[in-house]
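As structure tokens, the structure follows; a few thoughts come after it.
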Amino acid sequence: MKLAAVAFYGFALGLLAVGLRELLTGFEENRCSMTYMFEYPEYRRVALPRRVARLYPAYGLYLYGEGLYAQETRALKLTGAPVLFLPGNAGSYKQARSLGSVALRKAENMEGGLHFNVFTVDFNEELVALYGGSLLRQTHFLHESIKAILRLYKHLKTPPQSVVLVGHSMGGVVARALFTLPRFNTNLVSLIITQASPHLAPVLALDPYLLDFYSAVRQKWVNRANKLRNITVLSVGGGYRDYQVRSGLTSLPCPPGDPNKLSLVATAVPRTWVSTDHLSIVWCKELVLATVRAFFDLIDPETRQFTENPEKKMVVLNHHFIRHPVRMLGEIQDTSISILDRIKMYQLLLYQSVALCLQEGQVKYFLFALSSRRKAYSHFYCRSNNLVSSTTVMLSFVVLSDVARKTVYEAETEVSHTLNHQPCSFIQMTIQDVSVPQFTVECEWQRQESQTLSVPAPHVLSFGLTVSDVTVNSSGLLHTIELQHFHQVYQAFRINVASQCKVHKDRLSNVYRIMVPWFREDSLTTVSVPSVTEISGMLHTSRPDNTSGVLLQLHTAPNCQYKVSIRTSLPRVLGQILRFCGPMVPVYTAVTLLLACGGQLSSILKSRRAAAMSQVVGRGLQPHKVNLPLYVLHILLSCSWFQEVWSILCLPPMDALPPTFPDATFHEGVLPVEEWPHLLSPLLYILGAAVAYWGSTLLCLIMRVISLILAPLHRPSVSRDCGTLRLRTQLLITLCLTVLGGTSCGALSIFAAFLLHLYRVLRLQMTERSLSHMLNLAPRKHKETENGTVDAECLDRSKECNGTPLLSECALQEVRDDLQLHLCLSALFTLPVMLSAPSLIHWIRNLRYSTQLDPDPCWPHIVPLIIVYMLLINCNTLKLCNSKLLPLTSCLPLPLAITMVTFSPLHLYRVTYFLLATLIPLASCCLL
């Protein structure tokens, strides 16, 4: 039985390891270019009012500079447009150097001395993603910093009236939280750009302050959206390389149709097309260049400051982050062509696909007649040899009959509207401003229906054994494959594209593009021909409605064959499950340990003996007892009468993971419930139970090793009361730890009480070893003891208080029972310690500024938790056996485990409350 448990939990641990490996490493290599400084960066501190400096001693405001610019701005006489960078969780204010350096170098080439003043805020590298007590303080300091920045421009005739905010990670959430302040003037900020910021929900909710902060921000931006419609917000996610903040969380929670809010992934940004991890999104040169270019286009030429026009801001952001035609924003192309040029290009009308070469510095025009192709084709498509490069090429199209411009750079231009409404016209293609020696462009006429195929995606439970494939015989440049039934985030596929060509010659690189119609999370892969390429088919968001499925666009070469095969990837499915449902694994770990404690109490109640630690933890996996009531409750909540009963009882809503679809609409701050995480609950339970099983095994091993190290420092003991505390000592320690937690940090007191209990476990471990050596038991008796059989004399003596001889087989068995009981309790005690660790780390890092943690998320439960720890130090199996409360206490873990799964996935800090609900009656058993 033990071997079967080890094999099962070993397999579960292997699944968890495969999923973690895929989550942490299963993505493309970092293709971001590094941003380098040309001169040594300098950060000049901006003086703040004394009141602000006294209230926020750990924070600071700095101006970024390099070389001559840093010297010129020494006196803080500034004339540029202000930009303020906000670091995120554990982020440094020095991360602004990439944005500041690129903006400074690009300004050197601008006429009229147009430039930016890049400021940055020092938030003392606080862990605000795990401890939410500092978020409101950071928001107030940001407000003061904005006012201090604008005061630096009072000497100008037309000083700036607002500041552009660029927030990384939690810095982007703090930027949006500005508008929740009662005295904040909304005109001070008109544009916010966030990078990898979890707007939808926190990654982990380890304290109530974090969730309260998010709730306030959500209510302001959703319920009062009409007052903030003029505020433009752009949110950029990092993609699959960012395993800290999944890109689905970067979607802005706002009412549908808000024209001034944009959410996208870095892989879909034109001229960027790369995935970034959580830190490289700050310095990724491709994305920084797109941001700085947008800043320069946002400058009003009259005021030389950022424009306040919302329409102009959205036009610029769409130009640089949605669809970039390469040409300068607002540039008007000359449509006049000489008769001689038209005659020279007339022969090109005979071909469906053409390849054109252009020498550097030349400008060429090409004409394509629409009259003969109006009925046969619906689209006109062109692509170039610098499809995914950053070279400057102007490739524009003009319908000559009505001067309606169609510009392409990424892939294609549609002229179906022109074909249907213009009686006779030409398409004029203009190529100029080529920065490469040779430039090749291929064009063709298309009928979209004939070049679109559909293929069903394999079921997620096919485990890669089923393959869906389709063969494309390319006669043109673009083919589209619709992946049917691919619209959920837990789906993950390996898409293989094998290309073969009849004639071997130099061809343009092929581009495979996965397009998601409901969210801007497209990804591109560039390959040579012929080749065999594997593409990861995964989603950041689920389909919110009945929109079309995921599209795979193949930008192909003519006269080539492409075979596309799709199969489910089990490792990537596990990675997606952990990416979206990872916060539920710690909850199920706590459930397993809680049920293990209940199993230990039941064993003591029935046999008056404690079971082995591995045995009770192995039996903690009870999905039929935990998940089945959860399914029933979920079904009942769909009934209106049960919802009324639920509200009458004043119960909080059931916890579910944040929605996986973009632009979610929230009502009264309650997240909508999705059913698919409930369907995965058995798997998540198995993973959580594996963590509990092997974690408890590791704890036992650590206790043995430490006891061996400390054994020479203690006198040998043979009593089961080793490591216990007298009543007076218990009261004194409880009082001291309570005062310590109230005046400094509650997590520190919890950790100290946990160490005291670990000392009790170590003493029991040393006593068990000492008794084994002293007795030198016979092999037969030792075997009987290991098998769990105790003679009648031992059982009779265990019923009497202090009736067991100090050196006997019964004494050894009693010590072993107490050891297994306290090992089980120690595993349970580690959960509050781990959940409170972020606040303890935050307190330690801020000791030089304040000796008291304010606010302290541990304070509501610090007193009962310390009392429980102290009482259970003296607990043993004999006291539990004689307690009248043990039958009731042994029945509590199961209903509390069900309640924990119901209310804790989005509120991890509630785990401590449910543990206390079990530990308080257990501590009472030691007294009554």
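The values are calculated or read from the model by the stated rules, or taken from the named source; none is laboratory data. All of these numbers come straight from a predicted model, not from anything done at the bench. Because the Cβ atoms are built from the backbone with ideal geometry, glycine has one as well, and the counts that use them run over all protein chains shown. Only protein heavy atoms, including side chains, enter the accessible area calculation; ligands, DNA and RNA are left aside. Shrake-Rupley method; radii C 1.70, N 1.55, O 1.52, S 1.80 Å.
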Volume per residue that the Cα convex hull of segment 1-92 spans, once the total is divided by residue count, Å³
199 Å³
So how do 679-689, 726-736 stack up, highest first, on mean other-Cβ count within 10 Å?
679-689, 726-736
Evaluate the distance, in nm, between pseudo-label points positioned 7 Å from the Cα of N473 and of E72 along their respective Cα→Cβ axes.
6.5 nm
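Could you calculate, for segment 111-188, the ratio of the Cα radius of gyration to the Kirkwood radius, expressed as Rg to Rh? Numbers along the way, then the final one.
Numbers: Rg = 14.1 Å, Rh = 13.9 Å.
Rounded to two decimals, Rg over Rh is 1.01.
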Rank-order 522-528, 850-856, 900-906, 203-209 by packing density, defined as the average count of other C-beta atoms within 10 Å over each peptide's residues, highest first.
900-906, 203-209, 522-528, 850-856
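With the radius of gyration and the Kirkwood radius both derived from the Cα set of segment 201-302, what is their ratio Rg to Rh?
Details: Rg = 15.6 Å, Rh = 15.4 Å.
Over the Cα atoms of segment 201-302, Rg/Rh equals 1.01.
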Once fully extended, how much extra length lies between E108 and L637, figured as 0.36 nm per residue of separation less the alpha-carbon to alpha-carbon distance?
184.2 nm
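In terms of the Cα gyration tensor, with a ≥ b ≥ c the square roots of its eigenvalues, is segment 501-591 rounded because a/c is under 1.5, prolate because a/b exceeds b/c, or oblate?
It comes out prolate by the Cα gyration axes.
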Per-residue ³J(HN,Hα) for segment 729-736, Karplus 6.51 cos²θ - 1.76 cosθ + 1.60, θ = phi - 60°, Hz, x for Gly and Pro:
5, 4, 5, 5, 5, 4, 5, 5
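Can you put E768, E72, E66 in order of accessible area, largest first, using a 1.4 Å probe? Let's see the in-between values first.
Numbers: E768 35, E72 120, E66 0 Å².
Descending order: E72, E768, E66.
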Rough spin-label spacing in nm, given labels placed 7 Å along Cα→Cβ, for R704 and F38:
6.5 nm
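So, in segment 211-324, how many Lys pairs have Cα atoms under 21 Å apart, if the pair is 8 or more places apart or on different chains? Spell out each step's value before the answer.
Working: K220/K261; K227/K261; K227/K312; K227/K313; K261/K312; K261/K313.
Going through segment 211-324 pair by pair, I get 6.
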Note on segment 451-568: contact order normalised by length, alpha-carbon pairs under 8 Å, 6 or more apart, percent, works out to 45 percent
Could you work out how far the C-alpha centroid of segment 849-928 sits from that of segment 15-60, in angstrom?
38 Å
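Carbon and sulfur: what percent of segment 33-322's accessible surface (1.4 Å probe)? Please list the in-between numbers first.
Numbers: 5360 of 10490 Å².
Looking at segment 33-322 in its full context, I get 51 percent from C and S.
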Ignoring ligands and nucleic acids, W518 exposes an accessible area, probe 1.4 Å, in Å² to the nearest 10, of 30 Å²
Please report the accessible area of S542 (heavy atoms, 1.4 Å probe, ligands and nucleic acids excluded) in Å², nearest 10.
0 Å²
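Estimate the FRET efficiency between Q500 and L24 by the formula 1/(1 + (r/R0)^6), using the beta-carbon distance for r and 35 Å for R0, to the nearest 0.05. If you can, show how the numbers build up before the last one.
Working: r = 35 Å, r/R0 = 1.01.
Efficiency for this residue pair is about 0.50.
How big, in percent, is the set of alpha carbon pairs in segment 451-568 lying more than 26 Å apart? Please list the in-between numbers first.
Numbers: 1210 of 6903 pairs.
Here the long-distance tail beyond 26 Å is 18 percent of all Cα pairs in segment 451-568.
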Taking K261, K879, K154, K502 and ranking on accessible area (1.4 Å, protein atoms only), highest first, one gets K502, K154, K879, K261
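Can you quote the Å³ per residue value for the convex hull of the Cα atoms in segment 33-322, rounded to an integer?
On the way: hull volume 35.7 nm³, N = 290.
Given the Cα convex hull of segment 33-322, per-residue volume reads 123 Å³.
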Which order, highest average first, do 748-756, 841-849, 164-172, 632-640 follow once you tally other Cβ atoms within 10 Å for each residue and take the mean per peptide?
164-172, 748-756, 841-849, 632-640
Probe 1.4 Å, heavy atoms of protein chains only: per residue, the accessible area of segment 817-928 in Å² is 35 Å²
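For S602, S548, what's the largest-to-smallest order of accessible area, 1.4 Å probe?
On the way: S602 35, S548 60 Å².
These residues rank, largest area first, as S548, S602.
With contacts defined as alpha carbon pairs under 8 Å and 6 or more residues apart, what's the relative contact order of segment 71-119 in percent?
Numbers: 39 pairs, mean separation 24.5, N = 49.
Relative CO of segment 71-119 lands at 50 percent.
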How far is it, in nm, from the label point at T743 to the one at D854 when both lie 7 Å from their Cα along the line to the Cβ?
1.6 nm
What is the spread of the Cα atoms of segment 19-173 along each of their three principal axes, largest first, in whole Å?
59, 40, 25
